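Note sheet for the following structure.
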Amino acid sequence: MSSAGQHPIEFNSVTKYYGDVRGVEDLTFTVERGEIFGFLGPNGAGKSTAIRVLLGLLNPTGGEASLLGRDVTDRNGLRDAKRHLGYLPSDVTFYGRVTGTEVLDYFARIRGDAHREELLERFPVPLDRNVKAYSSGNRQKLAIVAAFMHDPELAIMDEPTSGLDPLVQNEFYELLEERQEAGQTAFFSSHILSEVRRVCDRVGIIRNGRLIELDSVKNILADGGTIATVRLAEEPPAAALEFPGVAHVDRRDGEYRLVLSREFDALVHRLSEYTVLDLEVREADIEDVFMHFYGGTGEGDNDDTPLENETGT
Ligand SMILES: Nc1ncnc2c1ncn2[C@@H]1O[C@H](COP(=O)(O)OP(=O)(O)OP(=O)(O)O)[C@@H](O)[C@H]1O
């Protein structure tokens, strides 16, 4: 379509305030064609605000954003772009007393449904039943079929796997991967780090409305390095464990946890000054790395709710 050669998603210094409340501030990044991009951040960080600006549901206070090459404030252009978009909201609600079939018929009339039967085989739902009586998982599956049955070139999803059981989640990741092989683009917010590691090429991390990291998952994991957890018989002087190569130290339950590069000589040398009761050295995993970005006491935090993990809600 008209977006050929352009980035499917572009944010250029986008700021959105709700009165005095900051939604997002000076957000600048692009999503490349054919990539799966994860948009991460703690609760209240501004992810939904950014997505709503992109969909033209909120006017930015400043800056510009474009979707499939169309300025999001250009109503007609955005309407055209949306024919090639699949959108999966976080809180799927269908209005009225309608069946699953009627919901899909409605979207089919607007955007097409070439892949409807194939998707219904992968994400089966009780089509003849009133959607008000659907379980949350079935509601989410129906929304997936509705979002993807016209084979959109871009999918925007707000926590797409919430409410899905592990088998359906897996089917969904496979769908995203197949679509990527076909050159289509996906942008989604998530709190589930295992899915980010599995499917995302790049991530943007937002906190307090600002983008604080933008990189490939591979690079982010590589930079996170190694974690050493050590228990000592003596209390070392403050800062004794902050030697070169150590990016971060914290003390928890009598243990020191060091985030460090894979240079072990300095670690061994420093620990030799103490009686080591316990020592574990391992590769940092994705939870360690993202906790580093999520945690802390950033000025003006909107909400310090901890990150949910796979077993969370
Ligand atoms: N309609 C609104 N009116 C006023 N403030 C709002 C509104 N919507 C969001 N906010 C505020 O904007 C900030 C960003 O919220 P947003 O919902 O975009 O975060 P989020 O990253 O999507 O969070 P979550 O992970 O909890 O869904 C928060 O401080 C929130 O309270």
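The values are calculated or read from the model by the stated rules, or taken from the named source; none is laboratory data. Here the structure is a predicted model, which is why all the values come from computation and not from measurement. Note that we place each Cβ from the backbone using ideal geometry, even for glycine, and neighbour counts take in every protein chain shown. Quick note on the areas: whole protein, heavy atoms, side chains included, nothing else; ligands and nucleic acids left out. Shrake-Rupley method; radii C 1.70, N 1.55, O 1.52, S 1.80 Å.
Might you let me know whether the range 62-72 holds any residue that is within 15 Å of the ligand (Cβ to nearest atom), out of contact with any Gly (no Cβ under 6 Å at 6 or more places or on another chain) and not charged (D, E, K, R)? I'd like the intermediate steps shown before the answer.
Restricting attention to the range 62-72, the residues satisfying the condition of being within 15 Å of the ligand (Cβ to nearest atom) are 65.
Restricting the remaining residues to those that are out of contact with any Gly (no Cβ under 6 Å at 6 or more places or on another chain) gives 65.
After this cut, where a residue has to be not charged (D, E, K, R) as well, the list is 65.
Within the range 62-72, one or more residues are within 15 Å of the ligand (Cβ to nearest atom), out of contact with any Gly (no Cβ under 6 Å at 6 or more places or on another chain) and not charged (D, E, K, R).
From the list Ser135, Ser162, which one is touching a residue at least 40 places away in the same chain (Cβ under 8 Å), among the hydroxyl-bearing types (Ser, Thr, Tyr) and open to solvent by 40 Å² or more (accessible area, probe 1.4 Å)? Before the answer, list the steps.
Working: Ser135 fails: touching a residue at least 40 places away in the same chain (Cβ under 8 Å).
Only one candidate qualifies: Ser162.
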Select from the range 48-75 the residues that are touching a Leu at 6+ places or on another chain (Cβ under 8 Å), buried (at least 22 other Cβ atoms within 10 Å of the Cβ) and part of a helix (DSSP H, G or I) and list them in ascending order.
-> Thr49, Ala50, Leu54
How many of the residues in the range 120-179 are of a type outside the set (S, T, N, Q) and assigned to a helix (DSSP H, G or I)?
-> 28
Residues that are within 21 Å of Glu32 (Cα to Cα) and either among the aliphatic types (A, V, I, L, M) or outside the structural domain of Val31 (by TED's automatic domain parsing) (or both), drawn from the range 118-174 = Ala147, Leu154, Ala155, Ile156, Met157
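When you scan the range 76-109, how many residues do you find that are aliphatic (A, V, I, L, M), away from the ligand (no atom under 16 Å from the Cβ) and surrounded by 18 or more Cβ atoms within 10 Å (Cβ to Cβ)?
Total satisfying the criteria: 5.
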Do we find that Tyr17 is more than 29 Å from Arg197 (Cα to Cα), of a type outside the set (Asp, Glu), surrounded by fewer than 19 Cβ atoms within 10 Å (Cβ to Cβ) and free of Cβ contacts under 8 Å to residues at least 24 places away in the same chain in this structure?
-> no
Could you give every pair whose Cβ atoms fall below 6 Å, whose first residue belongs to the range 185-202 and is in the same structural domain as Ile36 (by TED's automatic domain parsing) and closer than 17 Å to Leu54 by Cα, and whose second residue is among the aliphatic types (A, V, I, L, M) and away from the ligand (no atom under 15 Å from the Cβ), counting only separations of at least 6 or pairs across chains?
-> Thr185/Leu154; Ala186/Ile36; Ala186/Ala155; Ala186/Leu176; Phe187/Ile9; Phe187/Val31
Within the range 210-223, can one find any residue that is in a loop (DSSP other than H, G, I, E, B) and out of contact with any His (no Cβ under 6 Å at 6 or more places or on another chain)?
-> no
Which members of the range 203-222 meet the condition of being in contact (Cβ under 8 Å) with a residue 24 or more places away in the chain, open to solvent by 10 Å² or more (accessible area, probe 1.4 Å), on the phi < 0 side of the Ramachandran plot and not hydrophobic (A, V, I, L, M, F, W, C)?
-> Arg207, Arg210, Glu213
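Residues of the range 227-246 being assigned to a strand (DSSP E or B) and open to solvent by 40 Å² or more (accessible area, probe 1.4 Å), which ones? Step through it out loud before you land on a result.
Looking only at the range 227-246, we keep the residues that are assigned to a strand (DSSP E or B), and these are 227-232, 246.
Matches in the range 227-246: Arg231 only.
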If you take the residues of the range 32-78 that are out of contact with any Ser or Thr (no Cβ under 9 Å at 6 or more places or on another chain) and touching a residue at least 60 places away in the same chain (Cβ under 8 Å), which of them is farthest from Asn12 (Cα to Cα)?
-> Ala45
Which of the residues that make up the range 20-46 are surrounded by fewer than 24 Cβ atoms within 10 Å (Cβ to Cβ), closer than 19 Å to Glu195 by Cα and near the ligand (Cβ under 7 Å from one of its atoms)?
-> Asn43
